[in-house]
Structures are given as C-alpha cells and as structure tokens.
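Only one structure is covered here, and it is reproduced in the block below.
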Amino acid sequence: MTPGPRIPWRKSLLVRLLLTSVAIAVVSVGATAWLAVQTTTRAIQEERGQVLSDDTDILRRLSGFAAAHPDWEGVHSSVRDLSLTTGRRIALTTEAGRIIADSAAPGTALPARASATVDPLNTDTSTEPGAQLAGIDPRAVGPYRLPAAERARVKALAEKRLACVRKHLGDGRVRQLPSGRTVVIADGGEAAVPSPCADGALNTPTRTEQKALDELLALTAPCLGPDGRKGQAASPLAGIGVDVIPGLTAAAQDSGRRLDGRQTQNCFDDARRTQLDPYVAPRARLYLGALGQQPVGFDLSPSNKAKIVGVAGLVLVITVAMTTVVAIRLVRPLRALTAAAQQPPQRHTRVAVTTKDETGYLAAAFNDLTARRQQLETQRKAMVSDIAHELRTPLTNIRGWLEVTRDGLVEPDPDLIASLHDEALLLQHIIDDLQDLAAADAGTLALHREPVRADDLVAQTVSAHRTRAQSSDIHLYTHTDPGLVLDADPVRMRQVLGNLTSNALRHTPAGGTVTLTARHVGDLAVLTVEDTGSGIAADDLPHVFERFWRAEKSRSRRTGGSGLGLSIVRQFVEAHEGTVTVGSEPGKGCVFTIRLPRARHTDLRTP
C-alpha cells in the first residue's frame, strides 16, 4: 500500500494543540505573575508606610527620653520595649560610634548608615505635635519644670479660671504642659478668654519660671545689646518658648538697635539651646533595621527570582504535559481512522469507537460508511451477476435456434422467426431499462415536465393493460379526483404506472382485482396501484425496489420479470421530486403509493 501524504508539522493537530496550550500557559503565567507583582507591590507600599510610621514613633519616643534626661542612662529598657513592640532592631550610638543601647545581640554589626540623629534641641518638627519652629522638642523644659507645690497652686488657679470660662462661654478644658503648668483652653483656643476671667493671676510666672526667664534674658542680652533686659517677658508660657519673642523684640527696640524679627528669633533660639543643653541627653545616632539582619519589606533576591522562575516553569511544564496527554488521546483515534481510510477498498475494516465525543462520532460514522460501502459492493457484484444471467437466457435461445437452423435441422418458419423476435425484444427491453437506470444514477435522465391530467394518465395505463387483464380474468378499476393535474413528464409517468400495473397483474390470481386511484392531498398528488395478489413478506419489503430483486428466487419468467421494473419506478419518481412506498400483507395483496407535486398552472386545453 502506498502511504498517504505526510501532514506538514505546522498543520498537525497535535502540534497545533501543543502550541495552543503553550500560548495559554504563557498568557496565564504572565497574567498570574503580573497580578502577583501588583499585589506584592501594593503590600510593599503598605508595609513601607507602616515601617515609616513605626520609625517616626521610635524617633519621637527616644527624642522625648533625651528631652527629659540629662544623659542616656536607663535608655536600654526603653529601646528593648520599643523593639519588641515594633519588631525593629534599634541601636543608639554616640557621634563617635560608641554603642549606647542596642536591641540586637552583642557583636551584631550595625546597618550601613544611621537612620536619624536623636537631638531634642535640633529635632524634626514632625516628631512631636506642637514642636517649636526652631526645632526644639517641647518636652525639653529644663529649668522651667515646676516643683510639686507650684504645680498644685497653678492647677488651682487654672480650675478657678475654667469655672469662669464655662460660666461665660459654656465650655472649656484644662491641659498640662510638659513643664507641669496647667493652662485653660476655651472653645476658641487658649487666647479666647473672656475679660471677666482675665485676672492675670494664672499668667503670672511662678518663682521657678521667673528665675528661668531671668536666666534666659541674661543669655539673650549679648545678642540683643546692653538694654536687652528691658524687654523682660512676663509670659508664664516662656518655659516652652511661647509669647517670649515679643518681649525680647521690645527689649531690642528699647536698646536702640535695629534688629529684624529673624535676628531676634535666632538670638532667642540660641539662648534657649544654651539654657537647655545641661538638661538634655547629648546627641546620638539612631540605627534602625529588621530583626535577624533581614531587609525590611519584599526581598527580590536571586533566590526569590529563581523561585518565581521555577514555579512559572513548573506551571508551564504541567500544562504542556497535561495537554500532550489529552492531545495524544484525541489524535490516536484520528490516526486510526486515517490508517483505516488509506487501506485498499477490499481491506477496509471497522475502527474501534473508544470515546463518546466528536472523534467517537466520526469513528462511528466511518464504520457506517464502511458498512454501506461493503453493502453497495455486494449489491454491485450481485447486479453484475444478475445482468449476466438476464442477458444469457435470451442470447442462449437466439444462438441455439440460429445454430440448428444453420445446420439445416430446423426450417426457418414464421413461428421460429417470431420466437427469435420475442427474444430480441426482451434483450432490447433489458438494455433500455439498464440505460434508463444508468442515466438516473448519473443525473442525466432527461425529463420533459408539463401539466398532465391525472385521469388521462390513469386511463391510458388501464387501456394499455386491459387486454392482458381480460385474458387473465383480472378486473381493472380506476378512481380519480376531478381536476387533478400533475407536474410531470407524461412518457416517464406512463412508464411508472405501467410497470406497477404490470407487476400487479403478474402477481394477482384469476378473479382478482387491480385498482388505480389518483387523488389530491394538500399540495401533493397521490397515485396508488392496489392489487389483491399474494402480497409480499415483511422481511422482503425493504428489498422491493432493489435492482434484479425478485420474491421468487427461482428467477422464473413465469412468475417474475427482469427485476428492474420497480427500480426504474423509484428512480423516475425521485427524479420528479416525489416518493414511492409499498405496503403489503401476505395473502391480501400490495399497495404502491406515489406522491408527486401538483402542477401550479392548470391551463389545459380540453381535447
């Protein structure tokens, strides 16, 4: 067997399935990776925001410790607690690099660079609400811190003023400053105090505050001039640097020196830092990092990249493997079908149906096609044998009579010539029938369709067979609906009804009847030929219209014709876009029914 054409790899179903699966896998892996990156990036941003918030809180709390203590002694417990709370490594060193406190184990290397500098006299204004514009931590109060007695006296004055404020304004509250002084805050703020309540007692500096103010003015005097003390401020809030600048500015003006506000502020800030320096811890460097020396946030290290690539590759391999298994299962029956179809016709075999999907249906259809082909091949062989048998008998008779006549054994009398003529007509009839069937099979059967009156068609058929019916003592009956017109070839339709009537007369015994009817049913014309003959067995009905088929297997011409008449009937009726069926009950006769389209135009001339 010559192998079939080789399928190009780019058109192979298996290759296309694999390429499709790879494309799907690449898209899915890419989409998953993109989603993972987006999600991870968002998580990193959120984590960084949390880390920044934690770092700010650590700096604020350590700056508060430095503002309230003259040194870093005792900061170890605070560093340890902050590390446990935030999950960060916290280390403090001097500016020279000496370790002050470290939450990590001894000997652990510090991060590459410091995160911030802890200096309450020069701090970030965002580390503590209400921080000074100069960068001085408001919790650094130094000599302005009130002793317990003064705190109690100022608190009593504050509560007295709060009662007055509530009486006139309806609401208010008190707040204690880092120095220990209590102030009253009305709805409009600290300055919104009604006149009846502004007795000046609460705002009068205590002895401790007055002493610190005198010291501050003394430190400011070298910068403002010899008359700087004239502007001695009386604000009790001077301990945190509020309302002191106006007094100092006035002192500068009284001294005759023309200083702008910025110069005055700088003088005041420098003096305050000098005054508070002995009361706060020295500058320190703050190192922050992750516990265990791991970087904070998402670590896209080479190992993590390798993990991502490995997982993506594993997904791709699994996808390709699963697709390969499915593709092989799909392609295997197709290859079996291809191999079976490429076999010679005589070696065609059935293909096993292993699935119930489209491939399984295709295999079942192929098996049906193979079975029909084998059936057609069997019918073809039988038809060849039948044709040879049908032609052999008359040819044998003609040859035999001609040979004996040639040898002088028989005289060529009129009876012999008539017999030879009948045999020649039989041959001509068989050949004509075969030619008609061949034309119908090839689609070249010529039809000359025209409106045909059904009653005329039936009458002509009965007239042609009346003599034979009378000689056989068979009664012919007809019944037609008036005005029924067919759209048909009259010659072919007379041949159809003639074959059916001849077949009915052949199988109807003496005394029987053959009835031809023509009636209309909707848009169809229904013609029937009914007899009261022997009928056809139920097993034989499917074979009635097959070529050369006879109910009598003996092929006797006394009981059967050539076996082509009913085949011609079916071919001619189907050529007219109609149908022919048969119904029979053994012992009660047969009914052949023809259904044809009615003529759309019935303009017929009356003969």
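State the percentage of accessible surface on segment 414-530 attributable to carbon and sulfur atoms; use a 1.4 Å probe and exclude ligands, DNA and RNA.
It is 52 percent, rounded to a whole number.
Just how much of LYS307 is accessible, in Å², when a 1.4 Å probe is used and the result is rounded to the nearest 10?
Solvent-accessible area, nearest 10 Å²: 130 Å².
List the residues whose amide H sits under 5 Å from the amide H of VAL174, counting only those 5 or more places along or on another chain, with H placed 1.01 Å from N in the peptide plane.
For VAL174, whose amide H was placed from the backbone, the distant partners under 5 Å are ILE185.
Please list TRP72, TRP401, TRP34 in order of solvent-accessible area, largest first, computed with a 1.4 Å probe with all protein chains present.
Most to least solvent-accessible, the answer reads TRP34, TRP401, TRP72.
What is the extension gain from ALA198 to VAL410, computed as 0.36 nm multiplied by their sequence separation minus the C-alpha to C-alpha distance, in nm to one decimal? Present the calculation step by step, with values, prior to reporting the outcome.
Values: separation 212, 0.36 × 212 = 76.32 nm, distance 16.86 nm.
Between ALA198 and VAL410, full extension yields an extra 59.5 nm.
Just to verify a number: FRET efficiency for ALA152 and GLN210, C-beta to C-beta distance, R0 = 25 Å, to 0.05?
After rounding to 0.05, the efficiency reads 0.90.
If amide H atoms are built 1.01 Å from N in the plane of the peptide, which residues on other chains or at least 5 residues away come under 5 Å of the amide H of LEU121?
Those qualifying (amide H under 5 Å, at least 5 residues apart or on another chain) are ASP137.
Could you pull out every residue, at least 5 positions away or on a different chain, whose amide H is within less than 5 Å of the one on GLY535? Hs are placed 1.01 Å off N in the peptide plane, and Pro or chain starts have none.
Counting only residues 5 or more places away or on other chains, the set is GLY587, GLY589, CYS590.
In sequence order, what are the phi-derived ³J(HN,Hα) couplings for segment 395-400 according to the Karplus relation 6.51 cos²θ - 1.76 cosθ + 1.60 with θ = phi - 60°, rounded to whole Hz, with x for glycine and proline?
These are the phi-based 3J(HN,Hα) values: 5, 4, 5, 4, 5, x Hz.
If we count every other residue with Cβ under 12 angstrom of GLN275's Cβ, Lys/Arg +1 and Asp/Glu -1, where does the sum land?
Neighbourhood net charge equals -2.
The values are calculated or read from the model by the stated rules, or taken from the named source; none is laboratory data. The structure presented is a predicted model; accordingly, all values stated were derived computationally and were not measured. Here Cβ is always computed from backbone atoms with ideal geometry, including for glycine, and neighbour counts include all displayed protein chains. For the accessible areas, the whole protein counts, side chains as well, though only heavy atoms, and no ligand, DNA or RNA atoms are used. Shrake-Rupley method; radii C 1.70, N 1.55, O 1.52, S 1.80 Å.
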